[in-house]
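This report refers to the structure that appears directly beneath it.
Coordinate-derived values only; no laboratory data. Given the structure is predicted, the values throughout are model-derived calculations rather than measurements. Using ideal geometry, Cβ is built from the backbone for each residue, glycine included, and neighbour counts are taken over all protein chains shown.
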Amino acid sequence: MLPVLYSFRRCPYAIRARMAICYAGVPVELREILLKNKPPSMLAVSPKGTVPVLVLPDGRVLDESCDVMCWALAVHDPDNWINPAVSREASRLIAENDGSFKTHLDHYKYSDRYPEQASAHYRAEGEAFLQALEVRLQQQSFLLGHQPGFADVAIFPFVRQFSLVDPDWFSSAPYPRLRHWLNYWLESHLFTSVMEKYPVWQDGAAARYFGCTAENN
């Protein structure tokens, strides 16, 4: 019996989880869902109703994306994405990404829902994090060194989402190293592999399998 992964293709949390699973080469049963019509089987194991949700053969449930990433990398981590020397800094960066930056990203992306401020205001708030990443990438190829790691994959889907709100603005914004880093991941076989479109899964549907071994270039 394979682990079961409930996922939503465009969700950045689900993207980071799928990338780690793909990189580790761990096969899972993929259940692509619609967030507006969540299957009862998913809600039964994870009532909070967010993705990803990984149900392991022994019955354990992982419903935090970084926990799913850590599970996959514990199985196989050929390029040492988990580096104890930078684990504290990786945790700090990811916490900032998942906290204040994600809040600013949501306000920017859905600014019509937050009419208290203009879209440009929310974008400027999010730029503080982008600026910090740009400074890092001026010194090194990846966020925590010269090799890709856990933090890069955990943060990349959110920077991608930010860039897509206004691609014309992002293409001329003062973040050349960040754009280079983003394009590295966008063009990677790893990312394109996990963004394949699957039909929406429904309770009782036949199993679909997901798993790959991909290089990060």
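Quick rundown of the values:
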{"read-out": "Segment 60-188: relative contact order in percent, alpha carbon pairs under 8 Å with at least 6 residues between", "value": "25 percent"}
{"read-out": "Against the rule of thumb 2.2 N^0.38 Å, how large the Cα Rg of segment 85-145 comes out", "value": "1.29"}
{"read-out": "P(r) of the chain over all Cα-Cα pairs, binned every 10 Å from zero, in whole percent", "value": "8, 33, 35, 20, 4, 0"}
{"read-out": "Relative contact order %, segment 1-118, counting alpha carbon pairs below 8 Å whose residues are six or more apart", "value": "26 percent"}
{"read-out": "Segment 27-36 - phi-based ³J(HN,Hα) in whole Hz, Karplus 6.51/-1.76/1.60, Gly and Pro as x", "value": "x, 9, 8, 8, 10, 6, 10, 9, 5, 7"}
{"read-out": "Computed label-point distance, nm, for sites His146 and Gln117 using a 7 Å Cα→Cβ extension", "value": "3.9 nm"}
{"read-out": "Low-density loop positions, GluC sites (Glu not before Pro), segment 124-213 - DSSP coil, at most 16 other Cβ in 10 Å", "value": "Glu187, Glu196"}
{"read-out": "Whole-number percent relative contact order across the chain, with pairs defined as alpha carbons under 8 Å at least 6 apart", "value": "30 percent"}
{"read-out": "Cα-only radius of gyration and Dmax that characterise segment 116-202, units Å", "value": "14.5, 47"}
{"read-out": "Antiparallel content of DSSP bridges confined to the chain, in %, to 5", "value": "70 percent"}
{"read-out": "Arg9/Arg88 FRET efficiency (R0 35 Å; Cβ-Cβ; nearest 0.05)", "value": "0.65"}
{"read-out": "Number of Lys pairs (Cα under 19 Å; 8 or more positions apart or on different chains) in the chain", "value": "6"}
{"read-out": "Phi to ³J(HN,Hα) by Karplus 6.51 cos²θ - 1.76 cosθ + 1.60 over segment 69-74, Hz, x for Gly, Pro", "value": "4, 5, 4, 5, 6, 5"}
